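The values are calculated or read from the model by the stated rules, or taken from the named source; none is laboratory data. Everything quoted here is computed from the prediction, not taken from an experiment. Every residue, glycine as well, gets a Cβ built from its backbone with ideal geometry; the counts of neighbours run over all protein chains shown.
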C-alpha cells in the first residue's frame, strides 16, 4: 500500500483529498446549512441558472432563484458565461444541480493539478516536479477558493495547461483541441489564441517553407470555429447572435486606460486596499518575461498576450482574472518552488489560506 503513494500522482491525489476534506468538512461540521455557502458562492449560482435555462431569457426569469434584477423575460447577462461548464452541470443534474456543479469543479481541479505536474515534468526544468506542483493546491489563495466552489476556472485552467503541454510537444492537433475546449469554457481563451496567432505569424515570416507553417497551424482554426458554434447556440437560445457582447456591456470591465483597478471609488472597485493587485502585476509580468530567459519563447508570447489585458481591467478581483497566469508562474519560479522550505512554508501557512477562503466566501455568496 505504501508503494502506491511513492508515485507523485498518488501524492497529489492524496493531498487534494486531504485539503478538500478539511475545507468542505469545516462547512459540514460547523454550519447548520452544511455546504449551502459553498453552493451559493459566485459564480456558481449563475452557472446553475444557465444549466437550467440554457440561456433562454424567459426560462431564466422564471428560475431566477437569486433574484437578479438584470434578468428579464427578454434579456439576461447569462451569455457572459460560456456553455461547456453549464452543459456539463446539466448532463449530471441527476445528482442535483448544485451537487453536479461542485463535483465537476472539483474533478477538474484535481485534473489541473495532475496536468501541471505533467507539464512541469515534460519541460525538464526540475528534478522535483512534485515539489514544484504541490504548492499549486494552495497558491494563489484566490485559486484555492475558485477551485473549491462552482466555477469554470478549474476546467479552463486544466484545458489551458494541456494546450501548453501539447504545444510544447509540437502535437498541434491535441493542442488545438484543448485550446478550443478552453474557448468554449471561458471567453478569455481568445487572448491565448491571439498569442498563438502571433507565434504562427513569426514562424510564417521566418520560414522558408511557408506552406508547411500553414499546415502546422491549420488545426487552430478550431478556435474561431468554436466561437462560431457558441454564438450560433446563443442565437438559437436568445435570438441574438451577439448576446455575449450585450451581456458583458453590463459591467464594462475592460477600459482604455491602464491600471483601472486603482480608481476607487468606482463601479467594481470596492476598496482602495489593493496592494495585492500591484504585486500580482509584478509577479505575473516577471513570470511572462522569464519564459524568454528559460527559452520557452512561445509561452512568453502567449502569457504576455493574456497579461496585457489584465492591465486594463476595471475590477478589484485581479487575482481571480489572473489565475490562468499561474502555470507560467510555476514554470518561471520553479527553482524557488522546488525548495523544501517553500513546501514547508505552504503547509505551515495553509491554515491562513483556509481562514482567508472561509472569510471571503462568507461574504461572496447569493441569498
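For the residues 233, 299, the requirement of being surrounded by 17 or more Cβ atoms within 10 Å (Cβ to Cβ), touching a residue at least 60 places away in the same chain (Cβ under 8 Å), part of a helix (DSSP H, G or I) and within 21 Å of the chain's Cα centre (by Cα) singles out 299. Is the stretch 39-49 home to any residue that is surrounded by 13 or more Cβ atoms within 10 Å (Cβ to Cβ) and free of Cβ contacts under 8 Å to residues at least 40 places away in the same chain? Taking every residue of the stretch 39-49 in turn, at least one turns out to be surrounded by 13 or more Cβ atoms within 10 Å (Cβ to Cβ) and free of Cβ contacts under 8 Å to residues at least 40 places away in the same chain.
One residue is enough: does the stretch 179-187 have a residue meeting the conditions in a helix (DSSP H, G or I), outside the structural domain of residue 314 (by TED's automatic domain parsing), at pLDDT 95 or above and surrounded by fewer than 17 Cβ atoms within 10 Å (Cβ to Cβ)? No, the conditions are met nowhere in the stretch 179-187. Being at pLDDT 95 or above, outside the structural domain of residue 295 (by TED's automatic domain parsing), in a helix (DSSP H, G or I) and under 30 Å from residue 347 (Cα atoms) holds for only one residue in 39, 85, and it is 39. The requirement of being outside the structural domain of residue 68 (by TED's automatic domain parsing), exposed (fewer than 15 other Cβ atoms within 10 Å of the Cβ) and under 30 Å from residue 33 (Cβ atoms) is not satisfied by residue 316. Screening the stretch 148-166 for residues that are surrounded by fewer than 24 Cβ atoms within 10 Å (Cβ to Cβ) and over 23 Å from residue 228 (Cα atoms) and picking the one that is nearest to the chain's Cα centre (by Cα) gives 148.
You will find that of 323, 353, the residue that is in the same structural domain as residue 16 (by TED's automatic domain parsing), within 23 Å of residue 39 (Cα to Cα) and touching a helix residue (DSSP H, G or I) at 6+ places or on another chain (Cβ under 7 Å) is 353 and no other. Looking at (1) more than 22 Å from residue 197 (Cα to Cα); (2) in a helix (DSSP H, G or I); (3) in contact (Cβ under 8 Å) with a residue 60 or more places away in the chain, which is the only condition residue 305 fails? In the conditions (1) more than 22 Å from residue 197 (Cα to Cα); (2) in a helix (DSSP H, G or I); (3) in contact (Cβ under 8 Å) with a residue 60 or more places away in the chain, residue 305 misses (1) alone.
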